[in-house]
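This report concerns only the one structure given below.
The values are calculated or read from the model by the stated rules, or taken from the named source; none is laboratory data. Worth saying up front: this structure is predicted, and the values here are computed from it rather than measured. Cβ atoms come from the backbone with ideal geometry, glycine included; neighbour counts cover every protein chain shown.
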Amino acid sequence: MLAQIYSRHSRSEIHAAPCSLDLMKTKPDPIVTHPDATRRALRTIALFEAAKGLAALAAIVGVLRLVHHDVRHLALELIGRFGLSPETRYPSILLHYADLLPGANVRALLYMASAYILLRVFEAYGLWNDHSWGEWLAALSGAIYIPFEVRHLLHRPSVIGALVLGANVAIVGFLVFRLWRRKHAAPVPAVIQVNSS
């Protein structure tokens, strides 16, 4: 086996010397990935997670602004402005949730939304900076939704539901693959410095 030895006088010159340790033994990597593409993918996922956190923040701010208003009346005005019938599917769903909002426990809703927002921000930070804990957090939080998305797709098949499920499975699969690669990464060869005096 050969180990790399850096000369003290000239660090740019690399000399090889025999080494009896098996420090240089590495497994061949069957799948070579481009580090820039991986970084771009992680940062894209990080931006997506941050966007979900910002959307949740905007939603909770909107809900808090509506707490002391007649939400049903506002929903009926919105439905009428778009010329929709309150008996159709989506306007009736909107009216249903407008009726639930005044009786909702706003404090519990605020705590849950804050936890969700913090989770997304931590995920985004961890993924952006290529931390393994960020990948673990994103993979676990994404995997939690998969059974619910499958159930939703089976009961109400739609193209959007299939795309959401497919994207979530792809993201979780990518992150699990990255975590597996981290665990099975080839060891970094040891660099031995020798005094050349």
Exercise for the section: Those residues that are basic (Lys, Arg) and either surrounded by 11 or more Cβ atoms within 10 Å (Cβ to Cβ) or assigned to a helix (DSSP H, G or I) (or both), I need them from the range 138-190; list them, please. Expected result: Arg151, Arg178, Arg181, Arg182, Lys183
Handout entry: Residue within the range 22-31 that is modelled with pLDDT under 50 and closer than 16 Å to Leu175 by Cα present
Key = yes
Exercise for the section: Determine which member of the set Ala124, Ala113 is modelled with pLDDT of 95 or more, closer than 18 Å to Lys52 by Cβ and under 29 Å from the mean Cα position of the chain (by Cα). Expected result: Ala124
Handout entry: Residue satisfying all of: in the range 140-172; in contact (Cβ under 8 Å) with a residue 24 or more places away in the chain and of a type in the set (A, V, I, L, M); farthest from Ala41 (Cα to Cα) among these
Key = Ile146
Completion exercise
Filter the range 53-83 for residues that are over 20 Å from Val121 (Cα atoms), among the β-branched types (Val, Ile, Thr) and not in a loop (DSSP other than H, G, I, E, B); the one that is nearest to the chain's Cα centre (by Cα) is Val63
Handout entry: Residues satisfying the stated conditions in the range 77-96, i.e. loosely packed, with under 12 Cβ neighbours inside 10 Å and either outside the structural domain of Gly62 (by TED's automatic domain parsing) or of a type outside the set (Lys, Arg) (or both)
Key = Glu77, Phe82, Gly83, Ser85, Glu87, Thr88, Tyr90, Ile93, His96
Handout entry: Every pair of residues 6+ apart whose Cβ atoms lie under 8 Å, when the first sits in the range 84-98 and is assigned to a loop (DSSP other than H, G, I, E, B) while the second is loosely packed, with under 12 Cβ neighbours inside 10 Å
Key = Leu84/Tyr90
